[in-house]
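Undergrad: Next up is a structure, given as structure tokens.
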Amino acid sequence: MSQIAQSLYPLMLSPLKVGAHTLPNRVIMGSLHTRLENEPDGVQRLAAFYAARARGGVGLVVTGGVSPNFDGRVEQGAWVLDSATQLDQHIPIVQAVHAAGSKIALQILHTGIYAKHDEIIGPSAVRSVINPRQPRAFTPEQIEQTIEDFVNCAVLAQQAGYDGVEVMGSEGYLMTQFTALRTNKREDEWGGSLENRIRFPVEVVRRTRERVGPSLLIMYRISAIDLVEGGLSGDEIDRLAQALEQAGADVLNTGIGWHESVVPTIATSVPRAAFAFAAARIKKAVSIPVVASNRINMPSVAEDILAQGQADLVSLARAFLADPDFVIKAATGRTDEINTCIGCNQACLDHIFTDRIASCLVNPQACHETEFTEAAPQHKLKVAVIGAGPAGLACAITAAERGHQVQLFEASSEVGGQLNLARRIPGKEEEFAELVRYFSKRLSTTGVQVHLNRRVESAWLMTQGFDQVVVATGIKPRTPLIEGIEHVKVVSYSDVILGRVQVGERVAIIGTGGIGHDVAELLTSTQAGVQTAAEFLKIWGVDPTIQSAGGLQAPVAEGAQRKVVMLQRGTKKPGARLGKSTGWIHRTKLTKRGVTAVSGCTYEKIDHQGLHYSVNGEPHLLEVDTIVLCAGQESEQALATQLTGNVTHLNLIGGARVATELDAMRAIDEGTRLAYKW
Ligand code: NAP
Ligand code: SF4
């Protein structure tokens, strides 16, 4: 291991004894729901997915949640481990991870009232606000049986060769449903007092330890702050933590908030390590190791948490979708080569919420490992990539890494394309800058020849003898046909984001898509510089002392810099196409800042008075100083049109191919996959 890296991350890279096991470093790969288990070749794909992360040096892999019984499963088709006949699903996964040199724990997850099927059951017949299904309440006999099912599942995990189990006790799943008054309305020995409410998780751990002996690692994932009304207070969480330690848990992993919390916990706009304080509180209450989680996406963030004594280990989940080699890169002095998770949730959580296989916006190979061949291409090609936005960058670095000779041409003075706009939006600055840093570094390590400030002419390109020409020229903003669109009040979103124009105090934004929301965020923000964790917690009403139930307090109003109105012609909820797991955050923030939205409008004209529009035939005037166009995109295909028929192998990718659903996820996916075709 590099001496430089060791001195940079001495704690993160140091071993730790946890229960009967010694982990080689302090980094745990947290549980991720991938939905791969629903695929016919799911076992093989899961084995490849986890093994890649194990090869990348992670100390302990935690699997996606597996239910201890039929009623507790996530959804139809999700895995249950309640019989030895199912061990065949697990043994190849365990063997693949062990062969790659890491340890692996099975997460045991009972979803309770979060289940997406009709066998839904919980401590009480209380429906979750995020699930339309009405649960049944457990009978006392069913509670006893469910505890036995957890124990049986752990025993089976041990038989499969797992090094440990993680009992999932956070994010609003069954254990938290028992511990919180919000969902536990029972009047028997499983409800009422705190002692009764924590009895279920404590019994699960106690009886599991009795049955599996000391060798199986038992990690309990405790909800370190519930972030819901009717959740636990900090003192109650401490008492639960102490009871779990006494019952035989080796280590406490932490989870932040329930899925139904209205506080963002993992999105891009959540400052890095913003919730480490909650793990730190538990660490003071127990003597077993405690794991911090949430928005830990770079080695320096992990090292800081460990150095401050907030936790003994760190758990990163999405960071391992983004880069399987996170640990090994940190350990060998290549931190600047880490492909950083930007917290967008676009290809991971949003895929899960829409019943698709998880992947990663910045790493399309995640959960698709078996689709990408490691074999080197037969012929080394001369490749031209035109456009250094996400599509062109992904294609160029992948092709060069595979051994092709790649030249990348970019008309502007920097690489990144639309990413350079995203990194100017408050809350996105750090992470999108990381993505540009990653691509820039990979361009140099893979040997791509980069030509900046170089607008390529088709005539020149045709004479250069490239074997493959990739047009990744991106998009141009759409200018809608509205009378007066040339008025001085009208500006483009790119000019606003790049600070090239003055924006008045009263603003109309035409368009309510991702860009419209970003522009509204930028124009109303009063934030100077990157938001700190303390500022974030205040604005979202999080009590860092966790004295109140759920750790909530009254949010501090942010105020707004301008009066902004967003408009759309469609009648659906504005921003309906934003990501399922992040759209609500944008909408909530803007509503708090007084931003309003108008749907179903017809734009009539723009003049010195402002924007004239009508809704259902009724005329309206918005007296505004500035009108920002965020009316979507059109493909920039001029070069592609000139080249068609004139070069042999012409490829069109990203926004240049289709602009309507322009986004970085499709762009990077298309660029990467194209480079694997040669
Ligand atoms: P978009 O999501 O397609 O939204 C375009 C907006 O313009 C819509 O509100 C549409 O509403 C309006 N519009 C379309 N044609 C129009 C016309 N002729 N006249 C007036 N209005 C028109 O496009 P975008 O906002 O440019 O975002 C592009 C992509 O970038 C998104 O798909 C997203 O993937 C990505 N992105 C996402 C985020 C995020 O999630 N936070 C942020 C930035 C970018 P009506 O047609 O109803 O008027
Ligand atoms: Fe992170 Fe976005 Fe990838 Fe999810 S899709 S792992 S949030 S970069």
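The values are calculated or read from the model by the stated rules, or taken from the named source; none is laboratory data. As the structure is a prediction and not an experimental result, all values here were calculated from the model. All Cβ positions, even for glycine, are placed from backbone atoms using ideal geometry, and neighbour counts span all protein chains on display. Quick note on the areas: whole protein, heavy atoms, side chains included, nothing else; ligands and nucleic acids left out. Shrake-Rupley method; radii C 1.70, N 1.55, O 1.52, S 1.80 Å.
Undergrad: Within 10 Å, count the other beta carbons around each residue, average over each peptide in 357-366, 126-135, and list them highest first. Walk me through the numbers before you get to the answer.
TA: On the way: 357-366: 22.8, 126-135: 15.3.
In descending order of packing, they fall as 357-366, 126-135.
Undergrad: Right, something else. Aspartates and glutamates near Lys382 by alpha-carbon distance under 17 Å, same-chain residues fewer than 8 away left out - which ones?
TA: Glu401, Asp467
Undergrad: I've got another one for you. I need the shape label for the range 3-371. Rule: rounded when a/c is under 1.5, else prolate if a/b > b/c, else oblate, with a, b, c from the alpha carbon gyration tensor. All intermediate terms of the calculation are to be shown ahead of the outcome.
TA: Values: a/c = 1.45, a/b = 1.30, b/c = 1.12.
Rounded is the answer for the range 3-371, as its axis ratio a/c remains below 1.5.
Undergrad: While we're on this one: Could you give the angle, 0 to 90 degrees to the nearest 10, between helix 42-55's Cα long axis and the longest principal axis of the Cα atoms of the chain?
TA: That works out to roughly 90 degrees.
Undergrad: What angle do you read, to the nearest 10 degrees and between 0 and 90, between the alpha-carbon axis of helix 199-212 and the longest principal axis of the chain?
TA: Value to nearest ten degrees: 70.
Undergrad: Rounding to the nearest 10 and keeping the result within 0 to 90°, find how far the Cα-based axis of helix 234-247 lies from the longest principal axis of the chain.
TA: So the inclination is approximately 50 degrees.
Undergrad: Within the range 499-655, what whole-number % of the accessible surface is contributed by carbon and sulfur, with the 1.4 Å probe and all protein chains included in the calculation?
TA: The value for the range 499-655 is 51 percent carbon and sulfur by accessible area.
Undergrad: Same structure again: Where the centroid of each part is defined by its Cα atoms, how far is the range 584-652 from the range 176-224 in Å?
TA: After rounding, the separation between the Cα centres reads 52 Å.
Undergrad: Which of the lysines could a cross-linker bridge to Lys284, judged by Cα under 28 Å and excluding same-chain residues fewer than eight apart?
TA: Qualifying lysines at Cα under 28 Å: Lys17, Lys103, Lys538.
Undergrad: May I pose another question? Would you list the P(r) distribution for the chain, with all Cα-Cα distances sorted into 20 Å bins from 0 and each bin expressed as a whole %?
TA: That works out to 18, 48, 30, 5, 0, in percent per bin.
Undergrad: Find out how many positive minus negative residues lie around Gly447, taking Lys and Arg as positive, Asp and Glu as negative, among other residues whose Cβ is under 15 Å from that of Gly447. Don't jump to the answer; show the numbers that get you there.
TA: Values: positive: Lys380, Lys382, Arg402, Lys441, Arg442; negative: Glu337, Glu401.
Charge balance near Gly447 sits at +3.
Undergrad: If the cut-off is 25 Å between C-alpha atoms, which lysines fall inside it for Lys489, apart from same-chain ones fewer than 8 positions away?
TA: Cα-Cα hits under 25 Å: Lys476, Lys563, Lys605.
Undergrad: Over the chain, with the other protein chains present, what is the accessible area per residue in square angstrom, probe 1.4 angstrom? Before the final figure, lay out the partial values.
TA: Details: 26190 Å² over 678 residues.
Spelled out: the 1.4 Å probe surface of the chain, per residue, equals 39 Å².
Undergrad: Tally up the carbon and sulfur contribution to the accessible surface of the range 3-371 as a whole percent, 1.4 Å probe, everything protein left in place.
TA: Carbon and sulfur together cover 50 percent of it.
Undergrad: Another question about this same structure. What FRET efficiency comes out for the pair Tyr676/Leu481, r = Cβ-Cβ distance, R0 = 30 Å, nearest 0.05?
TA: Values: r = 41 Å, r/R0 = 1.37.
FRET efficiency, Tyr676 to Leu481: 0.15.
Undergrad: I need the calculated FRET efficiency for the pair Ala376 and Glu195, taking r as the beta carbon distance and R₀ as 41 Å, to the nearest 0.05.
TA: Details: r = 63 Å, r/R0 = 1.53.
Given R0 = 41 Å and the Cβ-Cβ separation, E is 0.05.
Undergrad: Another question about this same structure. Of all DSSP beta bridges located in the chain, what percent are antiparallel, nearest 5?
TA: Numbers: 18 of 83 bridges.
Antiparallel: roughly 20 percent of the beta bridges in the chain.
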